[in-house]
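Peer 1: Sharing a structure with you now.
The values are calculated or read from the model by the stated rules, or taken from the named source; none is laboratory data. All values reported here derive from a predicted model rather than from experimental measurement. Neighbour counts are summed over all protein chains in view; Cβ atoms, including those assigned to glycine, are modelled from backbone coordinates with ideal geometry. Accessible surface is based on the protein model in full, side chains and every heavy atom, while ligands, DNA and RNA are left aside. Shrake-Rupley method; radii C 1.70, N 1.55, O 1.52, S 1.80 Å.
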Amino acid sequence: MITDPVDLSALFLAFSLLMYVLLDGTDLGVGMLFVFFPGHNDRQRMAASILPIWDANETWLVLLGGGMLSLFPEAYGRLLSGLYLPLFLMLLALIIRAVALEYRSEASARQRSRLDVIFFISSSLVAFSQGALAGNILTGVHTGGAFSWMSPFALLCGVMVMVGYLLMGCCWIRWRLQDGAGEHASRLAFLFLVMLIVIIVFLCLLLPTPLIAVWGRTGGKILLVTTIIITVFILFFLYGEKPVAPLIAVLMLISSLMGAAMLAIYPWFIPNELSLAQAAAPAASQYFVLTAAAVIIPLTLIYNSWAFWVFRGKVR
């Protein structure tokens, strides 16, 4: 049982990050898929499938940012000073994306077409920025200049996150829309799954240290084997009769990959630069925040679950 406040704080941030990626990552994937579904009716239904839940999904990003500031202020300051440009781009794109999504149903046909392009671009920028941020954390945060974060590894991580979100978005569309749009989403999902596997293999070859670190732990071996098994199952589920099965499998795949990435850098916050213990706030502050989190997290989970239950039907 974990009792150390530093590990509990790290677990809280890891859970918040995981929930954000699984929930809002799917929304972002749907936004990026607009370019693959040019029909007005398909886009209208795709937007309707995420309109009731996208804002609740982003609650986890707020918890992540606030939790990092209060629990690991040293890491918060390091990331903000070294990665302020991708962070700013991500937040700006999140705002623009929200405006485009909320106003498209009230816009004229011409304006709606423009909003759809904005929705696609902003969703893509959010996903790419998040991947670039993750890549910089894995390789170390550079503070040499505004564009020092643009390493080949970080840029490829940005593309990987985009592809992963597209895969989740495809499985979401297959579940919520079905019919012709769902079949098209299944075909795209196969393409994005292959792309994701290729990019991950290339990243491991480019920077093998995280993979070696994960394989050196018992839990890491389990995660990696689980990842391979889930990937095989996804290939079968994509063309199965149960539309929700691919979505569940892909969410499990993303969870396994994120778990492996987190395990690769533990107990560091930024590998070989800043450990969790060095970045942590005083224990009293951590216990205070964790007590509040013990109340907030269940309430947020209940709200998310309720929203999904209310809008669980197929979008026609």
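Yes/no per residue for (1) aliphatic (A, V, I, L, M); (2) open to solvent by less than 70 Å² (accessible area, probe 1.4 Å); (3) free of Cβ contacts under 8 Å to residues at least 60 places away in the same chain; (4) more than 16 Å from Ser256 (Cα to Cα):
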{"position": "Gly140", "(1), (2), (3), (4)": "no, yes, no, yes"}
{"position": "Gly158", "(1), (2), (3), (4)": "no, yes, yes, yes"}
{"position": "Cys170", "(1), (2), (3), (4)": "no, yes, no, yes"}
{"position": "Arg174", "(1), (2), (3), (4)": "no, yes, no, yes"}
{"position": "Ala181", "(1), (2), (3), (4)": "yes, yes, no, yes"}
{"position": "Thr227", "(1), (2), (3), (4)": "no, yes, yes, no"}
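Peer 1: Can you say whether Asp55 is open to solvent by 10 Å² or more (accessible area, probe 1.4 Å), of a type in the set (D, E, K, R) and in a helix (DSSP H, G or I), as far as the supplied structure shows?
Peer 2: Here the answer is yes, as Asp55 does meet what is asked.
Peer 1: I would also like to ask the following. Go through (1) open to solvent by less than 10 Å² (accessible area, probe 1.4 Å); (2) among the hydrophobic types (A, V, I, L, M, F, W, C); (3) within 19 Å of Cys157 (Cβ to Cβ) for Trp60 and report which single condition fails.
Peer 2: All conditions are met except number (3).
Peer 1: Please indicate, with yes or no, whether at least one residue in region 255-274 is in contact (Cβ under 8 Å) with a residue 24 or more places away in the chain, assigned to a helix (DSSP H, G or I), β-branched (Val, Ile, Thr) and buried (at least 20 other Cβ atoms within 10 Å of the Cβ).
Peer 2: no
Peer 1: So, in region 302-316, how many residues would count as being surrounded by 10 or more Cβ atoms within 10 Å (Cβ to Cβ) and either in contact with a strand residue (DSSP E or B) (Cβ under 9 Å, 6 or more places away or on another chain) or free of Cβ contacts under 8 Å to residues at least 12 places away in the same chain (or both)?
Peer 2: So the count comes out to 3.
Peer 1: Report every pair of residues separated by at least 6 positions or lying on different chains whose Cβ atoms are under 9 Å apart, first residue within region 79-92 and within 23 Å of Asp55 (Cα to Cα), second crowded, with 21+ Cβ neighbours inside 10 Å and β-branched (Val, Ile, Thr).
Peer 2: Close Cβ pairs satisfying both conditions: Leu89/Val126; Met90/Val126; Leu91/Val126.
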